[in-house]
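The values are calculated or read from the model by the stated rules, or taken from the named source; none is laboratory data. Just so it is clear, the structure is predicted and the values come from calculations on it, not from any experiment. Neighbour counts run over all protein chains shown; Cβ positions are idealised from the backbone, glycine included. Surface areas here come from the heavy atoms of the whole protein model, side chains and all, with no ligands, DNA or RNA. Shrake-Rupley method; radii C 1.70, N 1.55, O 1.52, S 1.80 Å.
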Amino acid sequence: MQRSRLAAVGLAAAAVLGTAATLAATADAQPAAAAALSNNWYASAPYLMPVSNNPPDPVTVMNATGQKAFQLAFILAPDGGGCSPTWDGKSAVSSDTAVAGVVNRIRGNGGDVSVSVGGYGGTKLGQTCGTVDATAAAYQQVVTKYGLKAIDFDLEEPEYENTAAVANELGAAKKLQADNPGLFVSVTMPGTSAGTGWFGTQLLDQAKSIGFTPNNFSIMPFDGGFNGSSAQVSALENFHGLLESHLGWDSSTAYSHEGFSGMNGRSDNAEIFTLADFQTVYDYATSHHLGRFTYWAVNRDRPCTTTTDNAVCSNVTQNDWDFTKFTTRFAGATPPQTDPPTTPPANPPGTCTAPEWQKASVYVGGDSVSHNAHKWTAKWWTQGEEPGTTGPDGVWSDNGSC
């Protein structure tokens with residue numbers, strides 16, 4: 001069951017569809033307009049299967065973690081063939097109301113979604129649509145249907161080794177960029193100890209040959225014999241070198257267009273990635289200013305209690321939504337810049353640059369806020385505790401006046 005993805009489409013199908021229907025019932029079928037989120041939220045969006053793998057209520061996750069964006073998965077070609085987008089190969093996007101209901105719940109709570117196309121297994125639109133324009137037209141239906149501000153191209157088996165199919169996908173991604181100004185585009189591919197394999201380097205070469213630059217290229221360093229975070233960090237550093245050599249980027253440009261897409265807990269190949277492992281990779285990602293930090297999947301971001309099914313729980317020690325708190329923190333770190341300014345903007349003397357503390361907002365360790373002309377940094381998770389009122393042993397560290 002590779003990455004616990006498509007295999008679980010048939011997992012308790014009646015219950016899954018019932019969950020989606022319940023979520024959909026709370027919103028109109030037509031998705032609400034997208035919230036105006038900054039790119040760092042789309043770069044931190046964790047994957048969520050909205051109609052399979054026992055999906056959690058995203059609003060519950062948002063309220064518990066502060067996460068604002070989710071990567072909904074996956075758009076595929078129909079199981080019976082054709083060039084029209086579907087969810088998991090089963091449900092046509094054109095007539096969808098279930099996922100639209102999920103999107104509306106997220107947007108109604110102040111968040112937004114990206115949609116991921118592809119994934120492991122299944123038939124991809126790049127394989128069936130035949131041309132770049134036809135592939136792009138199929139994906140444009142998804143962008144239009146849900147009013148998307150972000151989209152992810154998860155290029156894996158069996159499409160990954162099909163040169164023509166990958167060319168269709170990358171060409172379609174470039175066309176979507178041009179036709180939808182401001183669209184955040186990520187490209188996700190398998191990771192290896194060398195960064196990525198031969199087909200991954202071919203993918204990079206193809207992108208360069210057509211002049212396509214997404215917001216980031218991300219690797220998935222799991223299900224490939226990885227042993228904890230040290231192996232993942234090594235792979236990310238090697239992938240950084242490949243971005244330099246194959247795309248001709250300098251070091252800082254390569255880092256800012258590089259992403260990490262991990263797997264929380266026990267992987268399909270019995271690798272173990274704990275909260276401590278995520279912390280190590282998070283520290284690497286933020287210190288090197290990587291452009292994306294995400295993981296597979298929110299459906300698994302809970303401890304195993306009544307089941308050990310890897311599709312719906314992590315099989316490691318954790319509390320509900322602990323891994324999602326890392327993506328929330330990443331969005332609060334220095335926001336990734338697609339085109340960094342040549343000179344940093346100057347701040348007027350005495351101006352607090354951190355966002356103002358909000359009583360209703362959730363903060364986690366490392367988050368910074370402004371309050372009463374001082375900058376404050378949270379030591380751990382907090383909500384409703386006002387900076388300056390908790391004392392020196394409380395949750396907020398006073399960083400001085402600003």
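Some observations on this one:
- Scan of the stretch 93-104 for residues that are open to solvent by 40 Å² or more (accessible area, probe 1.4 Å) and either in contact with a strand residue (DSSP E or B) (Cβ under 6 Å, 6 or more places away or on another chain) or assigned to a helix (DSSP H, G or I) (or both), ordered by number: 94, 95
- Subset tally (residues that are in a helix (DSSP H, G or I) and in contact with a strand residue (DSSP E or B) (Cβ under 6 Å, 6 or more places away or on another chain)) for the stretch 244-279: 0
- Among the residues of the stretch 255-278, those identified as among the aliphatic types (A, V, I, L, M), touching a residue at least 40 places away in the same chain (Cβ under 8 Å) and open to solvent by 10 Å² or more (accessible area, probe 1.4 Å) are 272, 275, 276.
- Residue check for residue 336: at pLDDT below 85 and either exposed (fewer than 12 other Cβ atoms within 10 Å of the Cβ) or on the phi > 0 side of the Ramachandran plot (or both): no
- Residue within the stretch 300-322 that is under 24 Å from residue 239 (Cβ atoms), in a loop (DSSP other than H, G, I, E, B) and either out of contact with any helix residue (DSSP H, G or I) (no Cβ under 6 Å at 6 or more places or on another chain) or in contact (Cβ under 8 Å) with a residue 40 or more places away in the chain (or both) present: no
To keep it simple, each residue is scored yes or no on (1) more than 27 Å from residue 265 (Cα to Cα); (2) open to solvent by 30 Å² or more (accessible area, probe 1.4 Å).
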residue: 208; (1), (2): yes, yes
residue: 213; (1), (2): yes, yes
residue: 221; (1), (2): no, no
residue: 229; (1), (2): no, no
residue: 234; (1), (2): no, yes
residue: 238; (1), (2): no, yes
residue: 243; (1), (2): yes, no
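- Every condition in (1) polar (S, T, N, Q); (2) farther than 11 Å from residue 298 by Cα; (3) open to solvent by 50 Å² or more (accessible area, probe 1.4 Å) holds for residue 54 except the one numbered (2).
- Pairs where the first residue, in the stretch 122-145, is more than 18 Å from residue 91 (Cα to Cα) and the second is of a type in the set (Gly, Ala, Ser) and surrounded by fewer than 19 Cβ atoms within 10 Å (Cβ to Cβ), C-beta under 6 Å, 6+ apart: none
- Qualifying positions in the stretch 120-133 - of a type in the set (D, E, K, R) and crowded, with 22+ Cβ neighbours inside 10 Å: 124
- Residues in the stretch 254-309 that are closer than 26 Å to residue 52 by Cα and among the charged types (D, E, K, R): 266, 268, 271, 292, 300, 301, 302, 309.
- Verdict on residue 290 being under 18 Å from the mean Cα position of the chain (by Cα), among the hydrophobic types (A, V, I, L, M, F, W, C) and more than 26 Å from residue 115 (Cβ to Cβ): no
- Looking across the stretch 28-51, just one residue is in contact with a strand residue (DSSP E or B) (Cβ under 6 Å, 6 or more places away or on another chain), open to solvent by less than 30 Å² (accessible area, probe 1.4 Å) and assigned to a helix (DSSP H, G or I), and that is 42.
The rows are residues; the columns are (1) in contact with a Lys or Arg (Cβ under 8 Å, 6 or more places away or on another chain); (2) among the small types (Gly, Ala, Ser); (3) closer than 23 Å to residue 40 by Cα.
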site: 72; (1), (2), (3): no, no, yes
site: 106; (1), (2), (3): no, no, yes
site: 132; (1), (2), (3): yes, no, no
site: 148; (1), (2), (3): no, no, yes
site: 157; (1), (2), (3): no, no, no
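For (1) open to solvent by less than 10 Å² (accessible area, probe 1.4 Å); (2) not in a helix (DSSP H, G or I), each residue gets a yes or a no:
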position: 153; (1), (2): yes, yes
position: 156; (1), (2): yes, yes
position: 164; (1), (2): no, no
position: 168; (1), (2): no, no
position: 182; (1), (2): no, yes
position: 187; (1), (2): yes, yes
position: 199; (1), (2): no, no
position: 203; (1), (2): yes, no
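- Consider the stretch 105-119 and keep the residues that are out of contact with any Asp or Glu (no Cβ under 8 Å at 6 or more places or on another chain) and open to solvent by less than 10 Å² (accessible area, probe 1.4 Å). The one that is farthest from residue 189 (Cα to Cα) is 111.
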